[in-house]
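The structure appears right after this line, and notes come after that.
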Amino acid sequence: MTSPPTTALALFSGGLDSIVSCRVMMEQGIRVKAVKFVTPFFGYDLLAREQEYATEIHAKYGIDLCLRDVSRPYIEMLRNPPHGYGKNFNPCIDCKILLFTEARKMMPEVNAQLLISGEVIGQRPMSQRRDTLRLIERDSGCDGILLRPLCAKKQPPTIAEEQGLVDRDRLHDLYGRGRHGQIALAAQFGISDYPAPAGGCVLTDPIKSKQIARYYAEEQEVRIPDLLMLQAGRQFMLPNGGWLALGRDEKENPRIAALAGDGDILLQMDDRPGPTALLRRGSHPETKKIAAAIVIRYARKSPAGPTAGTVNIFPDRRCLDDETPMEKITTEPLSEERSRSLQR
């Protein structure tokens, strides 16, 4: 009777490191099931097209993938991460601990004997130092079961290696921030279409991280729709508790509109091109008028300079698609000084 193949559950970010680490294990005949964890801060939009995304990843890299939404535990962890924040509002160490803990809990679902990740010692200053990698293993309960194929030869053998389930000689000893080794492995596997290095987690962004930190400080209940709105467009806090997100360009306008939920209001210029805006907690007439004045301020200018305009007010996304506004507001553009005083 043939024994079932060794199965590894892989933490998959979608970047080059996680792609080649999966393929390194698959080359040994190990069955790899990849999981991409999503939160409002990374990958959340993929939940709307999970099957399409999984099909894309399999077609490109031959990797079987699923998504797992860990928003609620992540949101709670971010309020008070035990190991603190990085330079901004990024809880890098506790983020890794949480994700590896969730992955460990998933192992029985896929009959996995080990976990793998694409981490490389020395690649990240906070979460991928040798001592930090060891701390993450310990605090996530992953001692002995977490294998990092790209730098495994620079770490003690895991249980799977000691038991002969994984051939240690076919693992690697990459180190540091360079990507030459990963690129060479990708070429070896016939992979050329892989993402360029990303700009980093939104929680490391100097501007957005401050906005998110302020939101956490001011709100007792942290809501996923609010966290998504915080990451979109220009942000304004208006009188009477109103909150406005304004599209910065034509590409961002549909994203702003898609975030509208129950009780939200969408605003668009009626008489010339301009941004789409999402107004939350903005039912007060004065708040709506100021929101409309901001939309006009950022709309296309006439040759004569800033002029009054008309803004259509939509109660939800469907009305926006049907072009049936709830009301219209005609007003002057908000002054630059006032606009700056309201921007967050």
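What follows draws every value from the coordinates through simple rules; no lab data is involved. Quick caveat: nothing in here was measured; it's all calculated off a predicted structure. In this analysis, Cβ positions are derived from the backbone assuming ideal geometry, glycine residues included, and neighbour counts consider all displayed protein chains.
Say each of Q163 and D316 gets a label point 7 Å from the Cα, pointing the same way as Cα to Cβ; how far apart are those two points in nm?
Distance between label points: 5.2 nm.
Can you tell me the relative contact order of segment 1-136? Whole percent, Cα pairs under 8 Å, sequence separation 6 or more.
Working: 180 pairs, mean separation 40.9, N = 136.
Result for segment 1-136 is 30 percent.
Please give the charge dipole size of segment 7-188, origin at the Cα centre, charges +1 on K and R Cβ atoms and -1 on D and E Cβ atoms. Round to the nearest 20 debye. Before the final figure, lay out each step's value.
Numbers: 25 positive and 22 negative charges, 95 e Å.
The calculation lands at about 460 debye.
Determine the alpha carbon to alpha carbon distance for each of K251/K288; K36/K208; K33/K153; K208/K301; K105/K210 and list only those over 26 Å.
Details: K251/K288 24 Å; K36/K208 23 Å; K33/K153 23 Å; K208/K301 28 Å; K105/K210 32 Å.
Check vs 26 Å cut-off fails for K208/K301; K105/K210.
With a/c under 1.5 counting as rounded, go ahead and sort the chain into rounded, prolate or oblate using the C-alpha gyration tensor (a ≥ b ≥ c being the square roots of the eigenvalues; past the cut-off, prolate if a/b is larger than b/c, else oblate). The partial results should precede the final answer.
Numbers: a/c = 2.62, a/b = 2.31, b/c = 1.14.
Prolate, because a/c is 1.5 or more and a/b exceeds b/c.
Output ³J(HN,Hα) for segment 227-241: one whole-Hz value per residue in order, computed from phi by the Karplus curve 6.51 cos²θ - 1.76 cosθ + 1.60 with θ = phi - 60°, and x for Gly and Pro.
Working through the residues one at a time gives 5, 5, 5, 4, 8, 10, x, 6, 10, 9, 9, 9, x, 6, x Hz.
What shape does segment 7-188 take by its C-alpha gyration tensor, where a ≥ b ≥ c are the square roots of the eigenvalues and a/c under 1.5 counts as rounded, a/b above b/c as prolate, and the rest as oblate?
Details: a/c = 1.42, a/b = 1.15, b/c = 1.24.
Rounded.
Using amide H atoms built 1.01 Å from N in the peptide plane, name the residues 5+ places from F37, or on other chains, whose amide H lies under 5 Å from its own.
The list, which skips near neighbours in sequence, is F12, R68.
Pick out, from I136, S18, G274, the residue whose Cα sits farthest towards the positive end of the charge dipole of the chain, with +1 on the Cβ of Lys and Arg and -1 on the Cβ of Asp and Glu.
Toward the positive end, the furthest listed residue is I136.
Could you give the size of the charge dipole of the chain about its Cα centre, using +1 on the Cβ of each K and R and -1 on the Cβ of each D and E, expressed in debye and rounded to the nearest 20? Could you put the intermediate results ahead of the total?
Details: 47 positive and 44 negative charges, 187 e Å.
The calculation lands at about 900 debye.
Which of rounded, prolate or oblate describes segment 1-54 when judged by the alpha-carbon gyration tensor and an a/c cut-off of 1.5? Each step should come with its number before you reach the end.
On the way: a/c = 3.00, a/b = 1.99, b/c = 1.51.
Taking the square roots of the gyration eigenvalues as a ≥ b ≥ c, segment 1-54 is prolate.
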